[in-house]
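Report on the following structure.
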Amino acid sequence: MSIPIYTYDAVIVGSGLAGSAAARELKQAGKNVAVITKLHPLRSHSGAAQGGINAALSDVDSIELHEFDTVKGADYLADQDAVELMCQKAPETIRWAERMGAAFSRTDDGKIAQRPFGGQSSPRACFAKDRTGLTLLQTIYEQALRVGVDFIDEWYAADIIYEDGKVSGVVAFNIRNQEKAIFNAKAVMFATGGYARAFKISSNAHANTGDGLSIVARHGLPLEDMEFVQFHPSGLSGSGILISEAARGEGGKLLNSEGERFMERYAPNKLELASRDVVARAIINEIREGRGVGPRKDAVYIDLTHLGKEKIMERLPELRDLAITFLGLDMIKEPILISATAHYSMGGIPVDIDGHVRKNNDALVEGFYAAGECACVSVHGANRLGANSVLEALLFGRHVGQSMVNDIETLYLREAEQSDADTMIAEMERILTNNGKETVPGLRNELQQSMTDNAGVFRTEETLSKQVEIVKELRKRFENIRIDDKSKIFNTDLQEAIELGHMLDYALFIVESALARKESRGAHYREDFTTRDDEAFMKHTMAYMDANGEISLDYMAVTPGKFEPQERTY
């Protein structure tokens, strides 16, 4: 039976802030655009962002300070032309979101309220209570619907159509019934989210399985800076569910088992509002040295009781609900248990400043774009500044959408063929008919636990080498999987097996890149190389996977700017 081929000017995979914002720009410009998403758009992970979105709006702040904080937070690995673009356009982006209908929290005199975040020189995070991402996602999704964007939800994009340096569509199947389709387009954009679900303790949604990255890598295209995974300081103990930096921004104090406010030793000036990598390492160090709290002694306290009920209910109501639901602790009455949690992907699909995907250091892929957490533009470098992720997703989503509008008239449509779906069909058939002994949940649990143990907040050559071998062995065992559900209706066994294959592929990029980077920079901390080495490693990692699944590494220059590298202190 032939597979239907649908034709669009542009197809976007992923319906979070970046994808929806780009789609709106395209549709507003009169382009025929579809958004393919494996979730309902309002379940996209952008909606989980709690604390805020940065913009230098106040009289005591400036765009240059925002740029400096971002570059310093990135441990000087960010490309400064992209940082400059982001920070300069941030205030306009906030005003645009406000005009679209986003309801930000306000000060007494009616201005958009802003709160302090880690590593920032001034209160800069605009917020909507502790539901900022959800507020923005609802706003942009509604506006995209209003102009007529075609959202195709609960469809799984399994492959791109890539030939002769050009992308001309996406191959996907309907999760409801395994109906297959080819979406042929002049331009394709990936906005598929991050990859922190490779770790056991993670703040990421279950859907954040990094599919887009592995799809790209399987075509021999590079992934950039994959070793840089941000561990957020405050995830709920045991689950890793996020307790936003807003909690520390509003005045939360971190305490160890001795009642000590231990950040006084690690970051005497900024304390709990040092950059995330610094605070996360401090927390894990306190636990490793025996000063942890809780029944397993694997957490520290964050104390918010001094804020009082009124402020907590006004500013942090969702965080309070999460702590009550998952820990049975009420932050109004008592400290709650938190620890570091895998949170954000600084690396991803390499793109230029206008969102064109890189084929290598020097060439671009025609008709292919990426934005949001799956992309590496690189505004975050080695460590993302808090409240810059929502900004990046929204701002670069719009920006790349406009870039696509400009390009589409010069792009030709390579007509898709039935054979373009062969790889997806073969993958689905192999998983459905395989009758091995390995289970998807079993292999996934081994991957996530070992990644947390060996490639987490602290890393060494020994642990990373061990993890390389573990991932390679898990990939072999993956060939011997068996799923129980062979049906066509909402077969989540099949979907989870495909996702696990992606996780295994990009996990190898993370550990191979981390093993080769023999320095400590931002979120990548090597206990055997504890200092930053600008002479040897002031460069982006570009990693490629060959047909046998082996990883090779290359490097690409960092784009410098007005901020010279200096020692990072807080």
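The values are calculated or read from the model by the stated rules, or taken from the named source; none is laboratory data. Because the structure is a prediction, the values reported are computed rather than measured. In this analysis, Cβ positions are derived from the backbone assuming ideal geometry, glycine residues included, and neighbour counts consider all displayed protein chains. Surface accessibility is based on the protein's heavy atoms, side chains included, excluding ligands, DNA and RNA. Shrake-Rupley method; radii C 1.70, N 1.55, O 1.52, S 1.80 Å.
Filter the cross-link list LYS359/LYS472; LYS129/LYS309; LYS31/LYS359; LYS72/LYS297 down to pairs whose alpha-carbon distance in this structure exceeds 21 Å. Display every interim value, and only then the final one.
Details: LYS359/LYS472 25 Å; LYS129/LYS309 15 Å; LYS31/LYS359 26 Å; LYS72/LYS297 33 Å.
In this structure, LYS359/LYS472; LYS31/LYS359; LYS72/LYS297 exceed 21 Å between Cα atoms.
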Residue order for HIS232, HIS306 - accessible surface, 1.4 angstrom probe, largest first: HIS306, HIS232
Any lysines whose Cα falls less than 19 Å from that of LYS486, other than same-chain ones fewer than 8 residues away, would be LYS180, LYS437
Under unit Cβ charges (Lys, Arg +1; Asp, Glu -1), what dipole magnitude, rounded to 20 debye, does segment 19-133 have relative to its Cα centre? 860 debye
Using 7 Å Cα-to-Cβ label points, what is the GLU334/ASP485 separation (nm, one decimal)? 3.9 nm
Scan around ALA113 for amide H atoms under 5 Å from its own, H built in the peptide plane at 1.01 Å from N, and keep only partners 5 or more places away or cross-chain. SER105, ARG106, THR107, PHE127
Taking only protein heavy atoms into account and a 1.4 Å probe, give the accessible area per residue of segment 370-414 in Å². 22 Å²
Nearby aspartates and glutamates by direct alpha-carbon distance to LYS27 (threshold 18 angstrom, same-chain neighbours under 8 apart not counted): ASP9, GLU142, ASP150, ASP153, ASP407, GLU409
Quote the charge dipole size of segment 430-512 about the Cα centre in Debye, to the nearest 20; the model charges only the Cβ of Lys and Arg (+1) and of Asp and Glu (-1). 300 debye
Mind grabbing the accessible area of THR305 for me, 1.4 Å probe, Å², rounded to tens? 50 Å²
Considering only the chain, percent of DSSP beta bridges that pair antiparallel, nearest 5: 65 percent
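Work out how much length SER58 to ASP533 would gain on full extension: take 0.36 nm times their residue separation and subtract the Cα-Cα distance, in nm to one decimal. Mind dumping the intermediate values first?
Working: separation 475, 0.36 × 475 = 171.00 nm, distance 3.60 nm.
So the chain would gain 167.4 nm between SER58 and ASP533.
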Segment 88-201 - percent relative contact order, Cα under 8 Å, separation 6 or more: 14 percent
Two pseudo-spin positions, 7 Å from Cα along C-beta at LEU65 and at LYS437, lie apart in nanometres by 6.3 nm
R0 of 35 Å, Cβ-Cβ distance GLU473-ARG265: FRET efficiency to nearest 0.05: 0.30
Identify the chymotrypsin sites (Phe, Trp or Tyr not before Pro) of segment 449-528 meeting these criteria: DSSP loop state and at most 10 other C-beta atoms within 10 Å of the C-beta. none
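Between ASP150 and GLU567, what is 0.36 nm times their sequence separation minus the Cα-Cα distance? Round to one decimal in nm. Walk me through the numbers before you get to the answer.
Details: separation 417, 0.36 × 417 = 150.12 nm, distance 4.86 nm.
Gain on stretching ASP150 to GLU567: 145.3 nm.
Enumerate by residue number the chymotrypsin sites (Phe, Trp or Tyr not before Pro) in segment 66-149 meeting two conditions: DSSP loop (anything except H, G, I, E, B), and at most 11 other Cβ atoms within 10 Å of the site's Cβ.
Values: sites: PHE68, TYR76, TRP96, PHE104, PHE117, PHE127, TYR141; in loops: TYR76, PHE104, PHE117, PHE127.
Listed in order of number, the matching sites amount to none.
Between GLU318 and ALA426, what's the calculated FRET efficiency when r is the beta-carbon distance and R0 is 41 Å? Round to 0.05. If you can, show how the numbers build up before the last one.
Values: r = 44 Å, r/R0 = 1.06.
E between GLU318 and ALA426, to the nearest 0.05, is 0.40.
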Only Lys, Arg (+1) and Asp, Glu (-1) charged, at Cβ; the chain dipole about Cα centre in debye: 1360 debye
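At a 10 angstrom cut-off on C-beta neighbours, averaged per residue, how do the peptides 422-429, 283-290, 236-243 rank from highest to lowest? Don't skip to the end; give the middle numbers.
Details: 422-429: 15.6, 283-290: 17.2, 236-243: 22.9.
The densest-packed peptide leads the list: 236-243, 283-290, 422-429.
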Do you know the relative contact order of segment 420-570, to the nearest whole percent, from alpha carbon pairs under 8 angstrom that are 6+ apart? 22 percent
